[in-house]
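Asks: Provided herewith is a single structure, encoded as structure tokens, for subsequent inquiry.
None of the figures in this text is laboratory data; all of them are computed from the coordinates on show. Just so you know, these numbers come straight off a predicted model, no measurement behind them. Cβ coordinates were reconstructed from backbone atoms using ideal geometry, including for glycine residues, and neighbour counts include every protein chain displayed.
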Amino acid sequence: MSTASFGAEEFGAKERVRHSAEIETLLEPIHDFLLCRTPQAWLNEAQKAQWQDVLLIDHLHCELKAAQSAALLLRRYVLDQEGAEQVLQWLLPYEDCVYRGKAVNLRELGRHIPRIKVVTQHAWQARLVDRMVLLMKEELHHFTQVYEILQARGIDIRAVSASRYAAGLIRHAHTHEPKTLIDKLIIGALIEARSCERFAALAPFLDQELNRFYVSLLRSEARHFEDYLTLAEMVKGEAITNEIARLATIEANLIQQQDAELRFHSGVPQVV
Ligand SMILES: [Fe+2]
Ligand SMILES: [Fe+2]
């Protein structure tokens with residue numbers, strides 16, 4: 001993942017057309033999957049300068065949470081104790097950076113991706129390891145990119161309360177297997193898809209650096225959404241249409257309901 005492909009100074013008319021065509025192609029399955037678009041009221045509020053620091057800090061937390069969620073799936077469904085410890089150690093410096101304010105050389109860290117050895121029984125487990133390790137690597141790279149933007153802009157990482165979005169989805173996951181895993185994977189797909197939809201919707205209203213950065217995130221977030229869905233289908237062994245319909249409805253409700261605080265995944269901002 002790099003911003004370089006969108007970062008060239010000479011960005012001619014032909015490249016611009018190709019670029020916007022690529023974005024449209026990436027967004028088409030996302031818009032088909034989600035039951036609603038980001039409400040205009042959220043966009044109107046989120047583009048105000050007063051929210052930019054909070055949204056960037058919230059974004060930093062979201063990237064870490066995305067990596068932590070993938071790590072949880074690996075630990076819960078595939079890894080042995082040694083593998084689980086490797087994954088925890090991988091995340092630790094990033095958590096130190098956000099939760100404990102430690103100075104960490106994230107670029108250096110990004111060069112050392114652990115090789116996690118696993119013996120898997122089922123095809124879906126092998127795919128889970130393959131996809132979730134790659135997803136963690138990419139989310140932690142996004143984390144580094146957001147962290148560097150915060151540092152360059154002199155924004156301190158302060159505590160920002162989480163929106164009710166992810167918790168509001170996860171409490172609707174079934175509590176018995178394999179339904180729990182299937183639901184968690186679909187929820188992962190919904191969060192990735194919504195992030196992608198929001199990056200694209202908000203990007204045109206931001207400064208050039210953030211605009212390019214958000215657009216650059218679309219490719220990997222769109223792939224993450226597909227990876228989660230494919231995994232859910234593999235676990236079930238058949239189509240997951242009904243499961244998707246149930247959770248996508250809950251997701252759309254969360255996005256369309258009012259929220260007191262503006263966050264990256266919040267609903268319609270409450271007018272006070
Ligand atoms: Fe990400
Ligand atoms: Fe992602």
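Asks: List residues of segment 55-77, by number, whose backbone nitrogen lies under 11 Å from a label position 7 Å along Cα→C-beta of Leu109.
Replies: Answer for segment 55-77: 64.
Asks: Using θ = phi - 60° and the Karplus curve 6.51 cos²θ - 1.76 cosθ + 1.60, what whole-Hz ³J(HN,Hα) does each residue of segment 61-67 get, with Gly and Pro shown as x?
Replies: Result, ordered by residue: 4, 4, 5, 5, 4, 4, 5 Hz.
Asks: Which semi-axis lengths, in whole Å and largest first, follow from the square roots of five times the eigenvalues of the Cα gyration tensor of segment 100-249? Kindly include the intermediate steps, with their values, before the conclusion.
Replies: Working: eigenvalues 176, 83, 45 Å².
That gives 30, 20, 15 Å for the three semi-axes.
Asks: Express in nm, to one decimal, how much length is gained between Arg76 and Ile149 on full extension, taking 0.36 nm for each residue of separation and deducting their alpha carbon distance.
Replies: Fully extending the segment from Arg76 to Ile149 adds 23.0 nm.
Asks: When the Karplus curve 6.51 cos²θ - 1.76 cosθ + 1.60 is applied with θ = phi - 60°, which whole-Hz ³J(HN,Hα) does each residue of segment 151-159 get, with x for Gly and Pro?
Replies: 4, 4, 9, x, 9, 6, 7, 9, 5
Asks: Scan around Asp259 for amide H atoms under 5 Å from its own, H built in the peptide plane at 1.01 Å from N, and keep only partners 5 or more places away or cross-chain.
Replies: Distant-sequence amide H within range of Asp259: Gly267, Val268, Gln270.
Asks: Between Ala49 and Leu35, what is the spin-label point distance in nm, taking each point 7 Å from the Cα along the Cα→C-beta axis?
Replies: About 3.9 nm, to one decimal.
Asks: Let me ask another. Restrict the search to segment 74-120; then list the trypsin sites (Lys or Arg not before Pro) that DSSP places in a loop and that have at most 12 other Cβ atoms within 10 Å of their Cβ. Mind showing how you got there, number by number?
Replies: On the way: sites: Arg75, Arg76, Arg100, Lys102, Arg107, Arg111, Arg115, Lys117; in loops: Arg100, Lys102, Arg111, Arg115, Lys117.
Passing sites in segment 74-120 are Arg100, Lys102, Arg111, Arg115, Lys117.
Asks: Next up: Please compute the modelled spin-label separation between Ile170 and Asn211, points set 7 Å along Cα→Cβ, answer in nm with one decimal.
Replies: Those two pseudo-labels are separated by 3.6 nm.
Asks: Along segment 20-32, what does the Karplus equation 6.51 cos²θ - 1.76 cosθ + 1.60 (θ = phi - 60°) give for ³J(HN,Hα), rounded to whole Hz, x for Gly and Pro?
Replies: Residue by residue, segment 20-32 yields 5, 5, 5, 4, 4, 5, 5, 7, 4, x, 5, 5, 5 Hz.
Asks: Rg(Cα) of segment 13-269 divided by 2.2 N^0.38 Å? Walk me through the numbers before you get to the answer.
Replies: Numbers: Rg = 18.1 Å, N = 257, 2.2 N^0.38 = 18.1 Å.
For segment 13-269, the normalised Cα radius of gyration is 1.00.
Asks: Let me ask something else. So what's the net charge close to Leu43: Lys and Arg +1, Asp and Glu -1, counting the other residues with Cβ under 15 Å from its Cβ? Spell out each step's value before the answer.
Replies: On the way: positive: Arg37, Lys48, Arg194, Arg198, Arg263; negative: Glu45, Glu197, Asp259.
Around Leu43, the surrounding residues sum to +2.
Asks: Now for a separate question. Below 14 angstrom from the Cβ of Val54, what's the summed charge of the other residues (Lys, Arg +1; Asp, Glu -1)? Don't jump to the answer; show the numbers that get you there.
Replies: Working: positive: Lys48, Arg153, Arg158, Arg263; negative: Glu45, Asp53, Asp58, Asp156, Asp259, Glu261.
Around Val54, the charge tally is -2.
Asks: When the chain is modelled as a GNM with alpha-carbon springs shorter than 10 Å, which of Glu251, Glu139, Glu177 fluctuates the most?
Replies: Evaluated over the chain, the most mobile residue of the options is Glu177.
Asks: Before anything else, pin down the relative contact order of the chain: Cα pairs under 8 Å, at least 6 apart, normalised by residue count, whole percent.
Replies: RCO, the chain: 29 percent.
Asks: So what is the calculated 222 nm ellipticity per residue for the chain, using -39500 (n - 2.57) for each DSSP H run with n of 4 or more, over all residues, to the nearest 500 deg cm²/dmol?
Replies: Values: 11 runs with 186 residues, N = 272.
Computed mean residue ellipticity for the chain: -23000 deg cm²/dmol.
Asks: In addition: In nanometres, what is the gap between the two model label sites at Arg158 and Val118, each 7 Å from Cα along Cα-to-Cβ?
Replies: According to this spin-label approximation, the distance is 3.9 nm.
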